[in-house]
Amino acid sequence: MTHKDGDRLLASLALRAWRPLAVVAVGTAVASAATLTMPALLAAAVDGVLAGEGVLTAAARLALILALFTLADLARNIAGASSNARATSTLRLRLTGHILRLGVGEARRFPIGELANRLVSNTANAGNVPLTLLDTAAGLITAAGGVTALFLIDWRTGLAFLAGLPVALIVIFVFVTRMSGLFDDYQEAQGRLAARLTDTLAGIRTVRASGTADREIARVLAPLPELSAAGHALWRAQARGVWRIGLVLPLIEVAVLAVAGLGVVDGRLAPGQLLAVAGYATLGLSFIEQVEAVVSVAQARSAARRVCQVLALPTQVPGTHPAPEGPGALSLRGVTVTRDGARLLDELDLEIPAGLLTAVVGRSGAGKTTLAMVAGRLLDPDRGQVSLDGRPLDEIAPDSLRDVVAYAFERPALLGGDLASAIAYGRPGIDRVAVREAAASARVDDVIGRLPQGYDTPAAGAPLSGGELQRLGLARALVRRARLTVLDDATSSLDTATEAQVTRALVDGMRGRTRLVVAHRATTAAHADLVVWLESGRVRAQGTHQDLWNDPAYRALFATGDVSRKEEPCPVLR
């Protein structure tokens, strides 16, 4: 991702915020015109006083120009704040929408903390650019007007100004070029630190329970030397640039005033014109004040490039067809998923029969979760095709697909407000009766009933254990009554008795609907109509749990599990 991509993004932000920017442009033009008029009016007033003429007219003109400048500056500031807010919100909405449209695999290419840093900090930096560029342009025009005025007053003062200008421009160019590269290094290190901090905060209970706070602090702060080095490099570059610029500017101003002073002595210039030359020389040098703005633009270009890196991630192309009628038969043909050079699924061919409970088993890394994700198009395969009742998933419209496919996860996120809304999340039309029935099937209705506010308990602060959270996630999947329900290790935190009750709900309460369950326990596999044994992203074997149990390697899958360590058939199958 290059800076040109970031520049195109910044240009699009300016187009989105053109209305407030137009107000800023008008206000800036009026303020600049007033600024350029002031030295001439002040010179006329001084010459009038020295000539013994009345100064009321000159004073009135100055007061009018000052009032005009104040009003224009006020309008510019108000519209500028609106422009910044609009550009930043536009970019944040675009980035958020893009992230939410990513497949699961693409969304995981950046750590959560890194995404948060780009969404909050980088978008704010980029959103300020349209206004900054407009102010910079206005500042440069004002500076050019000041230099032009010097030539009009006395061409010698204009030449004196231009004589020192090349040196100042070289110093500024070197300064800005150096700062641009350093901002890239600084923001990259800042993003890495934010990502590590987010990961640690997500697992803060584990850190506290393990007594590893010091180790985690060291891990989180590992990028700090790089951040510090980049920051110190920025400060050193800024210090060198500032003293060089601070040396060049007074020399230019002294040269211009010296030439103007000689003009007064020679009689070429009136005393008031000397004052005007001093004012216009200051305005001509005001382009130096834009260095800070240019540095901000350099920082924003780096931020925009980082935002573009996320926007460049390919989103899933939504299908346009409705889900076909059918019983929920799932088919995978030549499905391959590759991440970081490793094949998570390798030319996988699999048929999931309609209406049955199918368990997917295998060692860690066998591809179980990846299979669960492609089954409902949370992830698109790199090659191959996944179909539901004969129609490829990538041809089905997202809303229609979510109507017929439901998910439950190992660590469900409770979204939607209160617990009732969390269970009905994504289906706001579901009534409370259906919500309670689903909660009862997931064996969590009694848990919710014991809470003071019951189903109206805010989900964010609900005092629930890991197993109770999993049951809420199951209830959310059950309430949808989908044609295909995918459970990705969604019962791992349940105790044996509760798991047996929930499994019974999956077996009997969902009979006739297709269920695909990623299983780590022999008891879950034993209740399945079909067991698919994955190994290295391929199907090693499939059949009933009782048939596969004759294979010692299959029994070994559960020997180290937290349930059914004995190498004997599950009691339900005896």
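The values are calculated or read from the model by the stated rules, or taken from the named source; none is laboratory data. Just so it is clear, the structure is predicted and the values come from calculations on it, not from any experiment. Here the Cβ is made from the backbone with ideal geometry for all residues, glycine too, and neighbour counts use every protein chain on show. Each accessible area value is taken on the protein alone, full model and side chains, heavy atoms only, with ligands, DNA and RNA left out. Shrake-Rupley method; radii C 1.70, N 1.55, O 1.52, S 1.80 Å.
Details
- Scanning segment 495-539 for residues that are of a type in the set (D, E, K, R) and farther than 17 Å from residue 369 by Cβ turns up 495, 499, 504, 508, 511, 513, 529.
- Test: residue 31 is closer than 30 Å to residue 276 by Cα and part of a helix (DSSP H, G or I): yes
- Looking across segment 118-131, the residues that are closer than 17 Å to residue 187 by Cβ and open to solvent by 20 Å² or more (accessible area, probe 1.4 Å) come down to 119, 120, 121, 124, 125, 128.
- Residue selection: residue 358 fails the criterion of being outside any strand (DSSP E or B) and among the hydroxyl-bearing types (Ser, Thr, Tyr).
- Options 332, 356: the member that is open to solvent by less than 40 Å² (accessible area, probe 1.4 Å) and either over 24 Å from residue 383 (Cβ atoms) or not aromatic (Phe, Trp, Tyr) (or both): 332
- Comparison of 361, 374 shows that the only residue that is in contact with a Phe, Trp or Tyr (Cβ under 7 Å, 6 or more places away or on another chain) and surrounded by 21 or more Cβ atoms within 10 Å (Cβ to Cβ) is 361.
- Scan of segment 53-85 for residues that are open to solvent by less than 50 Å² (accessible area, probe 1.4 Å), under 38 Å from the mean Cα position of the chain (by Cα) and more than 14 Å from residue 17 (Cα to Cα), ordered by number: 72, 73, 75
- Within segment 86-115, the set of residues being open to solvent by 60 Å² or more (accessible area, probe 1.4 Å), without any contact (Cβ under 8 Å) to a residue 12 or more places away in the chain and either among the aromatic types (Phe, Trp, Tyr) or in a helix (DSSP H, G or I) (or both) comprises 93, 100.
- Any pair with Cβ under 7 angstrom, 6 or more apart, that starts in segment 7-24 at a residue that is β-branched (Val, Ile, Thr) and ends at one that is in a helix (DSSP H, G or I) and open to solvent by 30 Å² or more (accessible area, probe 1.4 Å): 23/75; 24/76; 24/134
- Under the condition of being loosely packed, with under 15 Cβ neighbours inside 10 Å and part of a helix (DSSP H, G or I), the residues counted in segment 265-279 number 3.
- Of the residues 366, 413, 397, the single one that is surrounded by 20 or more Cβ atoms within 10 Å (Cβ to Cβ) and small (Gly, Ala, Ser) is 366.
- For segment 454-465, the set of residues classified as open to solvent by less than 40 Å² (accessible area, probe 1.4 Å) and part of a helix (DSSP H, G or I) consists of 454, 455, 459, listed by residue number.
- Matching entry among 350, 345 (being modelled with pLDDT of 90 or more, open to solvent by less than 60 Å² (accessible area, probe 1.4 Å) and in contact with a helix residue (DSSP H, G or I) (Cβ under 6 Å, 6 or more places away or on another chain)): 345
- Selection within segment 423-448 - within 11 Å of residue 479 (Cα to Cα), among the small types (Gly, Ala, Ser) and either open to solvent by 30 Å² or more (accessible area, probe 1.4 Å) or modelled with pLDDT of 85 or more (or both): 424, 426, 434, 438, 439, 440, 441
- Flag for residue 273 being under 30 Å from residue 537 (Cα atoms) and polar (S, T, N, Q): no
- Among (1) of a type in the set (D, E, K, R); (2) under 30 Å from residue 107 (Cβ atoms); (3) open to solvent by 50 Å² or more (accessible area, probe 1.4 Å); (4) assigned to a helix (DSSP H, G or I) - the single one residue 305 does not satisfy: (3)
- Every residue from segment 397-427 that is assigned to a loop (DSSP other than H, G, I, E, B), more than 26 Å from the chain's Cα centre (by Cα) and small (Gly, Ala, Ser): 424
- Within segment 524-574, tally of residues that are surrounded by fewer than 18 Cβ atoms within 10 Å (Cβ to Cβ) and at pLDDT below 85: 14
- Count of residues meeting criterion [touching a residue at least 60 places away in the same chain (Cβ under 8 Å) and either open to solvent by less than 20 Å² (accessible area, probe 1.4 Å) or in contact with a Leu (Cβ under 9 Å, 6 or more places away or on another chain) (or both)] in segment 132-155: 14
- Taking the conditions (1) open to solvent by less than 30 Å² (accessible area, probe 1.4 Å); (2) closer than 24 Å to residue 515 by Cα in turn, residue 451 satisfies each one other than (2).
- Identity of the residue in segment 205-249, of a type in the set (Val, Ile, Thr), modelled with pLDDT under 75 and more than 28 Å from residue 294 (Cβ to Cβ), that ends up least open to solvent (accessible area, probe 1.4 Å): 207
- Checking each residue in segment 308-325 for being at pLDDT 90 or above and either surrounded by fewer than 18 Cβ atoms within 10 Å (Cβ to Cβ) or assigned to a helix (DSSP H, G or I) (or both) picks out 320, 321, 322, 324, 325.
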